[in-house]
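Report on the structure given below.
The values are calculated or read from the model by the stated rules, or taken from the named source; none is laboratory data. The model shown is predicted, which means the values in this text are computed figures rather than measured ones. Neighbour counts run over all protein chains shown; Cβ positions are idealised from the backbone, glycine included.
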Amino acid sequence: MFGMDKNFLQSIKVDGSINKIFYVIDANLTRGEELNFASQSCDSFLSTASLSSYAFWMGFLMPNNRPIFYLPRKFYDFNTKQMLPKSWISLERDWIVYTKQK
């Protein structure tokens, strides 16, 4: 897992299959360096800010074989389900159970 909010990352319940956790706090990385780090180091992506253009690009730049998850949002007439790629996985509940397929 990669993120700036250590408390949020620690609150995510996983089945034990995540073996790399990166806490990036005040790393002084540029936006480009953050995008590169995520695309090279992460095997999946969870966007908690699905209306963020930065989150969109981080997910978009991930390699094609890696799952992209997002929390659906509505903003006026905009619905993230209609705006994001169909291959991205919408999380309809407050919990996640994801098992990496072999």
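If F78 satisfies every condition in (1) under 17 Å from E92 (Cβ atoms); (2) surrounded by fewer than 17 Cβ atoms within 10 Å (Cβ to Cβ) but one, which is the exception?
Single failed check for F78: (1).
Condition first: closer than 20 Å to N7 by Cβ and modelled with pLDDT under 80. Now tell me which residues in region 21-46 satisfy that.
Once the filter is applied, which keeps residues that are closer than 20 Å to N7 by Cβ and modelled with pLDDT under 80, region 21-46 yields I21, F22, Y23, V24, I25, D26, A27.
Out of region 56-102, which residues are within 20 Å of F8 (Cβ to Cβ), modelled with pLDDT under 85 and hydrophobic (A, V, I, L, M, F, W, C)?
Those that are within 20 Å of F8 (Cβ to Cβ), modelled with pLDDT under 85 and hydrophobic (A, V, I, L, M, F, W, C): L71, L91, W95, I96, V97.
Scan (1) under 17 Å from S90 (Cα atoms); (2) at pLDDT below 80; (3) out of contact with any Leu (no Cβ under 7 Å at 6 or more places or on another chain) for the single condition S50 breaks and write down its number.
Condition not satisfied by S50: (3).
So which residues in region 29-50 are surrounded by 17 or more Cβ atoms within 10 Å (Cβ to Cβ), touching a helix residue (DSSP H, G or I) at 6+ places or on another chain (Cβ under 7 Å) and under 21 Å from N79 (Cα atoms)?
Scanning region 29-50 gives F45, S47, S50.
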